[in-house]
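Right, one structure below, let's go through it.
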Amino acid sequence: MSQASSWEQILDYSNRANPYPFYTELRETPVTRLQDGSYLVSGYAEIAALLHDPRVSSDITRNPAAAAAGAVGGNGDETGISPTFLSMDPPDHDKYRRIAMRHFGPPTTPGRVAGLEPRITEIATELIDNMAGRTSIDIVDDLAYPLPVTVICELLGVPPGDEQRFRVWIDIALQSTDPGVDPETQQKKRVEAGKELRSFMEELVETHRQAPGNDLLSAMATDDGPEGRMSAEQLVGTGLLLLIAGHETTVNLIANGALTLLRHPHELQRLRDDPELAIPMVEELLRYEPPVHFIPFRTALDDINIAGTTIPAGSSLTLLLAAGNRDPAHVPDPDLFIPDRPNNQHLGFGGGIHLCFGAPMARLEAQIALTEFATRLENPRLADDPPPYRPSPFLRGPSHLPIHIDGVTAHH
């Protein structure tokens with residue numbers, strides 16, 4: 001039997017707790033061609049260049065690997081969910097992203113995220129308060145999951161209690177993105193979860209259209225901005241994108257952050273003594289333990305010469321953000337966790353025109369959650385190291401993070 005390649009080792013669940021040595025091996029050849037004709041890109045400079053290169057398409061319908069994996073949505077797709085701006089190229093990408101951003105951030109709604117800070121703090125405080133009287137807690141179930149899911153539900157206008165309806169479908173949908181799962185099973189899981197999620201969001205959109213509130217979904221469903229409204233199909237797809245991406249990656253960011261701090265008790269104490277450290281520390285976590293490890297299904301629209309390799313037009317690309325973040329050609333001592341690392345340019349939110357839509361909110365949630373975690377839990381310590389991980393090598397984070405504590409201090 002031949003030895004598994006570095007990429008196969010990364011996809012192998014047994015290496016989920018520490019895939020970084022295999023990223024180091026891949027960086028020896030920053031642009032690697034796989035046997036199926038697709039390419040892996042692992043160097044920081046090469047990834048950053050391709051994220052900004054208009055010759056690289058995000059249109060998933062153009063991607064041969066996505067078609068082979070049954071991951072292409074759109075007309076004729078069995079789920080009926082239309083592609084969103086996440087998997088579009090300009091000019092459609094720019095138009096639909098502007099329509100959504102109009103209600104979420106600058107220039108039209110610059111105060112939306114900043115205005116969430118008191119409510120995010122209130123939710124985090126309540127979650128930590130609920131840990132009082134216990135000696136064993138699960139950081140994922142008790143903090144990292146409920147905080148961002150509550151915030152995104154309130155922001156979108158999802159009724160309390162509906163989280164239990166969509167959580168199971170989202171878990172199934174995310175399993176369909178696991179490259180370690182065979183294409184037939186991926187397709188079956190994607191269609192199964194997609195139909196349920198589409199019905200859920202269609203019902204929610206119609207409710208908000210009939211009786212709009214002061215939430216993001218109502219704004220997108222009823223506002224006639226300069227570029228008009230999204231179609232009903234676009235609105236359902238965009239609502240699902242914001243619902244899922246609006247919490248799944250932040251769950252991993254908070255859980256990976258708590259795990260990293262518990263493995264670095266000196267840095268945990270520094271955050272406890274100086275909560276302002278949370279701002280640069282979250283940037284370092286996005287570099288050191290990013291919640292999104294790679295971006296699959298990008299397509300070369302032309303021959304692209306990079307790092308001494310020609311990527312032929314039509315080839316599928318996977319951009320390995322986690323490898324680029326630890327590229328020693330870009331950052332000194334890349335395998336060290338340095339919370340106040342200067343000039344910390346990372347790929348934690350991707351880059352280019354597809355830079356993470358919700359990055360400002362994710363940063364704020366992680367800063368608040370990890371500060372509450374550091375300053376209020378008495379003597380927190382890991383129960384298991386490494387903890388169990390979620391199946392996906394793409395959205396990587398613990399499925400549970402059990403810890404022991406001696407108590408909970410009051411919120412100040």
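Inside the stretch 83-102, residues that are open to solvent by less than 20 Å² (accessible area, probe 1.4 Å) and either assigned to a helix (DSSP H, G or I) or out of contact with any Phe, Trp or Tyr (no Cβ under 9 Å at 6 or more places or on another chain) (or both) make up a count of 4. Of all residues in the stretch 245-262, none are open to solvent by 30 Å² or more (accessible area, probe 1.4 Å), farther than 21 Å from Phe104 by Cα and modelled with pLDDT of 90 or more.
If you scan the stretch 254-287, which residues turn out to be closer than 20 Å to Phe166 by Cβ and not β-branched (Val, Ile, Thr)? Please lay out each step first, then the result.
Keep residues of the stretch 254-287 that are closer than 20 Å to Phe166 by Cβ, which gives 254-255.
Hit for the stretch 254-287 is Ala255, nothing else.
In a residue-by-residue description of the stretch 145-152, the property of being hydrophobic (A, V, I, L, M, F, W, C) and surrounded by fewer than 21 Cβ atoms within 10 Å (Cβ to Cβ) applies to no position. For the stretch 327-347, state whether one or more residues are open to solvent by less than 20 Å² (accessible area, probe 1.4 Å), under 16 Å from the mean Cα position of the chain (by Cα) and closer than 22 Å to His264 by Cα. The answer is no; no qualifying residue exists. Output the residue which, of all residues in the stretch 39-78 that are modelled with pLDDT of 95 or more and of a type in the set (Ser, Thr, Tyr), is most open to solvent (accessible area, probe 1.4 Å). Here the answer is Tyr44.
Need a quick list: helices (runs of 4 or more DSSP H) entirely within the stretch 213-303 having at least 2 residues that are closer than 30 Å to Asn63 by Cα and polar (S, T, N, Q).
232-263
Take Gly133 and decide whether it is of a type in the set (Gly, Ala, Ser), at pLDDT below 95, more than 30 Å from Ser14 (Cα to Cα) and surrounded by fewer than 16 Cβ atoms within 10 Å (Cβ to Cβ). Give the derivation first.
On the way: of a type in the set (Gly, Ala, Ser): yes; at pLDDT below 95: no; more than 30 Å from Ser14 (Cα to Cα): yes; surrounded by fewer than 16 Cβ atoms within 10 Å (Cβ to Cβ): yes.
So Gly133 fails the test.
Annotation: of all residues in the stretch 365-398 being in contact (Cβ under 8 Å) with a residue 40 or more places away in the chain and loosely packed, with under 15 Cβ neighbours inside 10 Å, the one that is nearest to Gly348 (Cα to Cα) is Pro386. Based on this model, can you work out whether Leu320 counts as in contact (Cβ under 8 Å) with a residue 12 or more places away in the chain and open to solvent by 40 Å² or more (accessible area, probe 1.4 Å)? Considered against the rule, which asks whether it is in contact (Cβ under 8 Å) with a residue 12 or more places away in the chain and open to solvent by 40 Å² or more (accessible area, probe 1.4 Å), Leu320 comes out as no. The number of residues in the stretch 103-125 being among the acidic types (Asp, Glu) and either open to solvent by less than 20 Å² (accessible area, probe 1.4 Å) or in contact with a helix residue (DSSP H, G or I) (Cβ under 7 Å, 6 or more places away or on another chain) (or both) comes to 1.
Give the residue that is farthest from Glu163 (Cα to Cα), with candidates limited to residues of the stretch 209-240 that are of a type in the set (A, V, I, L, M) and surrounded by fewer than 16 Cβ atoms within 10 Å (Cβ to Cβ).
Restricting attention to the stretch 209-240, the residues satisfying the condition of being of a type in the set (A, V, I, L, M) are 211, 216-217, 219-221, 230, 232, 235-236, 240.
Going one step further and asking which of them are surrounded by fewer than 16 Cβ atoms within 10 Å (Cβ to Cβ), we end up with 211, 232.
Working: Ala211: 21, Ala232: 22 Å.
Checked the stretch 209-240; the qualifying residue farthest from Glu163 (Cα to Cα) is Ala232.
Consider the stretch 1-38 and keep the residues that are part of a loop (DSSP other than H, G, I, E, B) and within 24 Å of Ser399 (Cα to Cα). The one that is farthest from the chain's Cα centre (by Cα) is Asp12. Criterion applied to Phe337, Phe373, Phe349 was being in contact with a helix residue (DSSP H, G or I) (Cβ under 9 Å, 6 or more places away or on another chain), hydrophobic (A, V, I, L, M, F, W, C) and under 29 Å from Ile172 (Cα atoms), and the one residue passing it is Phe349. Residue pairs whose Cβ atoms lie under 7 Å apart, sitting 6 or more positions apart in sequence or on different chains, and linking a residue in the stretch 189-208 that is without any contact (Cβ under 8 Å) to a residue 40 or more places away in the chain and open to solvent by 80 Å² or more (accessible area, probe 1.4 Å) to a partner that is β-branched (Val, Ile, Thr) and part of a helix (DSSP H, G or I), are Glu192/Ile172; Glu202/Val236.
The values are calculated or read from the model by the stated rules, or taken from the named source; none is laboratory data. Nothing here was measured: the structure is a model prediction, and the numbers come from that model. When we count neighbours, we look across all protein chains shown, and the Cβ atoms used for this are built from the backbone with ideal geometry, even at glycine. Surface accessibility is based on the protein's heavy atoms, side chains included, excluding ligands, DNA and RNA. Shrake-Rupley method; radii C 1.70, N 1.55, O 1.52, S 1.80 Å.
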